[in-house]
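A short worksheet on the structure shown next.
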Amino acid sequence: MTRTTAVRVAAPLLLLGVVLAGCTTDEPGNATAGTTTAGTSAAATTTKSVPTTTASSGPSLADVKTCDIYRELASQLGLSKIEQADKDSCYADVSASESVQFDLHPDKGLADYVKNAQTEVSETTVNGRKALLAKKALTSTSCVVAIEVTAKSRVDFVGTSNDSLDKSCENAQKVAKAVEPKLPK
C-alpha cells in the first residue's frame, strides 16, 4: 500500500476520532427561560423561543461542495481522480504519488486544530485570511493548510506525498490559494 493510500485511509479515521472526542452527552434543544413566581402568586410567566439569524450575507460553509470546486479548478491545478470521501471532504491526485484532500470543519476554528507530537505549526495567511501551516501533520511527509472561515469554522487542505514534505506543503498551499476565493466571506 502506498503512503498516499495510507493517508487516504488514516485521514478520515483521524477526523472521526477528533469529532468523536468532541461529543458530549448534553441533550439537544434550545435554551429558554424557565417559569418564575412573584411572592406567593402562582402566576407564571412564559417565554417564547425565537430562532437566531446570522449576520452573514452570503453562503455558509454548509453550502460549499468540495468536489464541485475541485472539478472546477482541476485543469488549472492539475487535479485528477477527484473522489468524494464524505459530505465534507474530497480527495484529488496531483500526481501518482501526491494528493490533496479538501476538508470542511463547520464547527471547528483555527484554535481547535489538533496537532500530534511531530507536527510543526506556524501562523500564516492565504489571500489575506488567517491560516495555519502544519508540517508533518499526519505523517512525516504530510502538510496541512488550515484557513479560517469564521472564528468557529475552517477548511483544511491536506497535502500528502510518498517522499517529500516540501512537495506536500507546496501542493496544499497552491490548492488553498486557488480555492480560498470560493469560500464564504
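Brief remarks on what is shown
- Residues satisfying the stated conditions in the stretch 61-84, i.e. assigned to a helix (DSSP H, G or I), closer than 20 Å to Arg154 by Cβ and open to solvent by less than 40 Å² (accessible area, probe 1.4 Å): Leu61, Thr66, Cys67, Ile69, Tyr70, Leu73
- Scanning the stretch 156-172 for residues that are among the polar types (S, T, N, Q) and more than 17 Å from Ala146 (Cα to Cα) returns Ser161, Asn162, Ser164.
- Taking the listed residues Leu183, Leu132, Leu165, the one that is within 18 Å of Ala96 (Cα to Cα) and among the aliphatic types (A, V, I, L, M) is Leu165, with no other qualifying.
- Top-ranked residue in the stretch 92-112 [being within 13 Å of Phe157 (Cβ to Cβ) and not charged (D, E, K, R); ranked as most open to solvent (accessible area, probe 1.4 Å)]: Val94
The values are calculated or read from the model by the stated rules, or taken from the named source; none is laboratory data. Remember, it's a predicted structure, so these values are computed and weren't measured experimentally. Cβ coordinates were reconstructed from backbone atoms using ideal geometry, including for glycine residues, and neighbour counts include every protein chain displayed. What goes into the accessible areas is simple: the full protein's heavy atoms, side chains included, and nothing from ligands, DNA or RNA. Shrake-Rupley method; radii C 1.70, N 1.55, O 1.52, S 1.80 Å.
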